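The values are calculated or read from the model by the stated rules, or taken from the named source; none is laboratory data. Just so you know, these numbers come straight off a predicted model, no measurement behind them. Virtual Cβ from ideal backbone geometry, glycine too; neighbours counted across all protein chains shown. In case anyone asks, the SASA skips ligands and DNA or RNA and just uses the protein heavy atoms, side chains included. Shrake-Rupley method; radii C 1.70, N 1.55, O 1.52, S 1.80 Å.
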Amino acid sequence: MSPYRPFEALLSVIAEGEPNSVAVSSKGLVGVAVARDNKQEPGLAMFFDADGNTVGQVAAGALPDMIAFTHDGNKAIVANEGEPSDDYSVDPEGSVTVIDVSAVDLADSATFSTMTGTQVGFGDFNAQEAALKTAGVRIFGPGATVAQDLEPEYVAVSAENAIATIVLQ
């Protein structure tokens, strides 16, 4: 048997699109950020055990670019880039998906359905566009709102699990 079997199994299951990022929680849960073939459509956060068996999936925003776990393994955080189409005819909003995986116990498949995701967007910043531009924030997409132009790329979690810092492209 190939020593890469878990990874081969993982990739064969991810027929939904393209994996962009993989992270492993302190509890052994493997998370994968999966972008759809049409990157403007909502993607997925898919979860597996260390043997590549599917544990579950949660809807994410458009073009999930990175997944990270809190250090305690209770939450998965996904940066959803929301990249526009080449002609900007479709420009989804960037977002962050926060997924509660605290009740998932890899030894008990009955807990796999407990994962829940919350989408966090940037729509509240749309009314602040002028002030943000004055402060140096670059908003430039043709007809784009602030929420459409902010593109989350990377996630870092503080040591105490209280703050997730999201880097915008």
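Tabulated data for the structure shown
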{"item": "Any hit, region 130-138, residues being in a loop (DSSP other than H, G, I, E, B) and within 24 Å of V58 (Cβ to Cβ)", "result": "no"}
{"item": "Meets criteria (of a type in the set (S, T, Y) and over 18 Å from G17 (Cβ atoms)) for T97", "result": "no"}
{"item": "Any pair with Cβ under 6 angstrom, 6 or more apart, that starts in region 91-117 at a residue that is farther than 19 Å from I67 by Cα and ends at one that is β-branched (V, I, T) and not in a loop (DSSP other than H, G, I, E, B)", "result": "D105/T111"}
{"item": "Single residue of region 138-159 satisfying the filter (under 29 Å from A23 (Cβ atoms), open to solvent by 50 Å² or more (accessible area, probe 1.4 Å) and touching a residue at least 12 places away in the same chain (Cβ under 8 Å)) that is farthest from the chain's Cα centre (by Cα)", "result": "A159"}
{"item": "Of all residues making up region 1-36, the number that are at pLDDT 90 or above and part of a loop (DSSP other than H, G, I, E, B)", "result": "5"}
{"item": "Selection count where residues are aliphatic (A, V, I, L, M) and modelled with pLDDT under 95, scope region 80-106", "result": "0"}
{"item": "Count of region 50-89 residues which are part of a loop (DSSP other than H, G, I, E, B) and either within 12 Å of A33 (Cα to Cα) or in contact with a strand residue (DSSP E or B) (Cβ under 9 Å, 6 or more places away or on another chain) (or both)", "result": "9"}
{"item": "Residue count, region 90-111 (criterion: open to solvent by 40 Å² or more (accessible area, probe 1.4 Å), farther than 21 Å from A144 by Cβ, assigned to a loop (DSSP other than H, G, I, E, B) and touching a helix residue (DSSP H, G or I) at 6+ places or on another chain (Cβ under 7 Å))", "result": "1"}
{"item": "Among (1) open to solvent by 40 Å² or more (accessible area, probe 1.4 Å); (2) aromatic (F, W, Y); (3) under 21 Å from N20 (Cβ atoms) - the single one F125 does not satisfy", "result": "(3)"}
